[in-house]
Amino acid sequence: MLALVTVSIAGLPRFGLDAGTAAAAGSDACQGKKLIMGTSPDYPPYESTDAKNGGDIIGLDVDIAKSIANKLGCKLEITGMDFNGLIAALQSGRVDFVMSGMSVTEERKQSVDFSNNYYAARNTIVSKKDSPYTTMEQLEGKRVGVQLGSTQETAVAGLKGATIKKLNRIPDLIQEIKSNRIDAAIVEDAVALDAVASNPDLSITMLPSENQEQGYAIAFPKGSTLTPAFNDALQAMDASGEKKHIVDKWFGTKEEQKVNNKLIDFSTLDGYVPFILRGVYVTLLFTLVSASLGFIWGTILSLFKLSSIKPLRWFSTFYTSVFRGTPLLLQLVLIYYATPQIFHYDIPALMAAGLAFGLNSAAYLSETIRGGIMAVDRGQREAAMALGIPYRTMMISIIFPQAVKTILPALVNECVSLIKESSLVSVIGVSELLRRASFVQAANYRAFEPLILAGVIYYVLVLILTSLARLLERRLRRSD
């Protein structure tokens with residue numbers, strides 16, 4: 001299911017009299033249409049997933065975006081994805097603008113347009129309280145973590161002898177520090193404060209502001225008509241004091257939590273279990289769609305391979321070699337991002353996932369089904385032909401049912417693989433089971449409990465599937 005959250009356009013109260021001016025300035029750019037905002041909801045307090053209260057994306061950036069949409073008379077939808085995929089989503093037209101604590105850099109300016117800055121932040125060093133690091137020089141020769149695609153990558157580029165670890169999400173960096181896999185991480189100040197409030201065993205050090213102050217801005221496609229309208233709205237928010245009100249709301253003092261020293265504590269999942277369980281529906285729906293497509297298209301490909309028509313055999317062989325010879329993740333990302341660019345169709349994330357996995361599964365199943373058909377005794381085909389039974393009737397009523405009995409275990413294995421591989425679809429923003437567990441991990445900075453719960457659910461799903469398959473196999477044997 002596409003992680004798309006429809007939010008009210010009546011979000012925050014309107015401040016001052018400049019809102020009407022901003023709305024008038026943006027009327028031509030918006031005209032009451034729906035705007036889609038792309039963000040990476042793992043960067044509190046700018047954006048995060050409220051897993052305990054329905055899973056909506058919340059944060060400073062979200063509140064500012066709601067206010068701007070309200071001023072411009074637009075409806076706002078928010079879609080979450082990995083930070084390093086935001087620019088690609090913008091360029092392919094999947095989102096209208098990106099707001100995700102994104103700094104303005106010369107490199108990014110080559111690909112997108114930016115609004116005026118709406119917030120400035122500073123880099124900080126996050127490390128363990130019992131072995132803190134206070135200067136960049138102390139990090140030379142150490143293991144340092146940064147978020148992939150962030151400006152912090154540039155900040156650590158000159159560290160001599162340092163081993164730089166780049167991860168997609170800030171919570172993963174915090175977990176790496178706590179697990180002693182890295183010595184420190186460079187993150188933005190507000191995010192660091194939030195992380196330390198939840199993990200009192202960590203400490204932060206603000207880096208000097210010289211050349212470190214980052215301007216966060218809203219990113220748009222090149223030449224977007226939304227840019228001046230958003231700038232006017234941001235200016236109106238500054239003039240009325242509305243933006244300061246939002247900043248104070250999210251950057252207020254956070255109560256420090258006690259360190260949870262328990263090795264395993266499933267009570268940390270209180271309030272999160274329903275959120276995780278809702279991912280089961282998405283996982284099962286995805287598996288059903290991709291398995292059905294894979295079986296149908298795989299059967300057609302297998303018949304192509306057995307055909308006497310050479311072009312059909314060439315096509316099926318080439319198709320199989322391409323889909324088995326390239327990474328599944330590449331196929332998924334290519335279908336999701338390239339379809340809007342090439343065909344001008346905004347393909348839903350779940351549809352893109354089902355299509356990618358179904359087409360990939362068909363390549364493997366075509367060989368399995370072909371083997372099952374060829375395993376049927378040749379004498380049955382000859383007898384059917386001698387009796388004048390049409391080829392199509394022979395395949396549907398005689399050959400194929402016997403082939404399915406032979407390959408049933410392989411078909412079940414393919415379905416099991418699809419259930420487990422469904423975790424890959426999180427890279428395009430689908431909130432399936434494992435992605436929801438990762439949101440919970442980001443919220444409480446504990447990895448074991450939510451991940452083991454997700455693992456148990458996956459195991460139960462696979463156990464149910466294999467049990468049903470055994471029942472079906474026994475029934476088929478009794479019908480022989």
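The values are calculated or read from the model by the stated rules, or taken from the named source; none is laboratory data. The model shown is predicted, which means the values in this text are computed figures rather than measured ones. Because the Cβ atoms are built from the backbone with ideal geometry, glycine has one as well, and the counts that use them run over all protein chains shown.
Residue check, N260 against (1) surrounded by 12 or more Cβ atoms within 10 Å (Cβ to Cβ); (2) at pLDDT 85 or above; (3) of a type outside the set (D, E), all met but one. Which one?
Of (1) surrounded by 12 or more Cβ atoms within 10 Å (Cβ to Cβ); (2) at pLDDT 85 or above; (3) of a type outside the set (D, E), only one is false for N260: (2).
For every residue, the table says whether it meets (1) at pLDDT below 85; (2) part of a loop (DSSP other than H, G, I, E, B); (3) in contact with a Lys or Arg (Cβ under 9 Å, 6 or more places away or on another chain); (4) under 22 Å from A195 (Cα atoms).
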residue	(1), (2), (3), (4)
D238	no, no, yes, no
V247	no, no, no, yes
T253	yes, yes, no, yes
E256	yes, yes, no, yes
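Does S397 qualify as being of a type in the set (G, A, S), in a helix (DSSP H, G or I) and within 32 Å of the chain's Cα centre (by Cα)?
No, not satisfied.
Can you tell me which of (1) surrounded by 13 or more Cβ atoms within 10 Å (Cβ to Cβ); (2) closer than 22 Å to V427 by Cα; (3) over 22 Å from the mean Cα position of the chain (by Cα) is the one L355 doesn't meet?
(3)
Return the residues of the stretch 376-399 that are without any contact (Cβ under 8 Å) to a residue 40 or more places away in the chain and surrounded by 14 or more Cβ atoms within 10 Å (Cβ to Cβ); say none if nothing qualifies.
Answer for the stretch 376-399, where residues must be without any contact (Cβ under 8 Å) to a residue 40 or more places away in the chain and surrounded by 14 or more Cβ atoms within 10 Å (Cβ to Cβ): V376, R381, A384, I389, M394, I398, I399.
With a cut-off of at least 1 residues that are of a type in the set (K, R), surrounded by fewer than 17 Cβ atoms within 10 Å (Cβ to Cβ) and touching a strand residue (DSSP E or B) at 6+ places or on another chain (Cβ under 9 Å), name the helices (runs of 4 or more DSSP H) lying wholly within the stretch 101-196.
It comes to 170-178.
G372 versus (1) touching a residue at least 40 places away in the same chain (Cβ under 8 Å); (2) under 21 Å from N413 (Cα atoms): which is the lone unmet condition?
The single condition G372 does not satisfy is (1).
Only one residue in G271, G279 is touching a helix residue (DSSP H, G or I) at 6+ places or on another chain (Cβ under 6 Å), assigned to a loop (DSSP other than H, G, I, E, B), closer than 30 Å to S198 by Cβ and not polar (S, T, N, Q), so which one is that?
G271
How many residues, within the stretch 76-98, are part of a strand (DSSP E or B), under 19 Å from R436 (Cβ atoms) and among the aliphatic types (A, V, I, L, M)?
Here is the first cut: in the stretch 76-98, the residues part of a strand (DSSP E or B) are 76-80, 97-98.
Next, only the ones that are under 19 Å from R436 (Cβ atoms) stay: 78-80.
Subsequent filtering for residues that are among the aliphatic types (A, V, I, L, M) retains 78.
Number of matching residues: 1.
Can you tell me how many residues in the stretch 90-128 are at pLDDT 90 or above and more than 30 Å from F343 (Cβ to Cβ)?
Selection size over the stretch 90-128: 8.
Looking at A25, is it modelled with pLDDT under 85 and either touching a Ser or Thr at 6+ places or on another chain (Cβ under 8 Å) or β-branched (V, I, T) (or both)?
Spelling it out, it is not the case that A25 is modelled with pLDDT under 85 and either touching a Ser or Thr at 6+ places or on another chain (Cβ under 8 Å) or β-branched (V, I, T) (or both).
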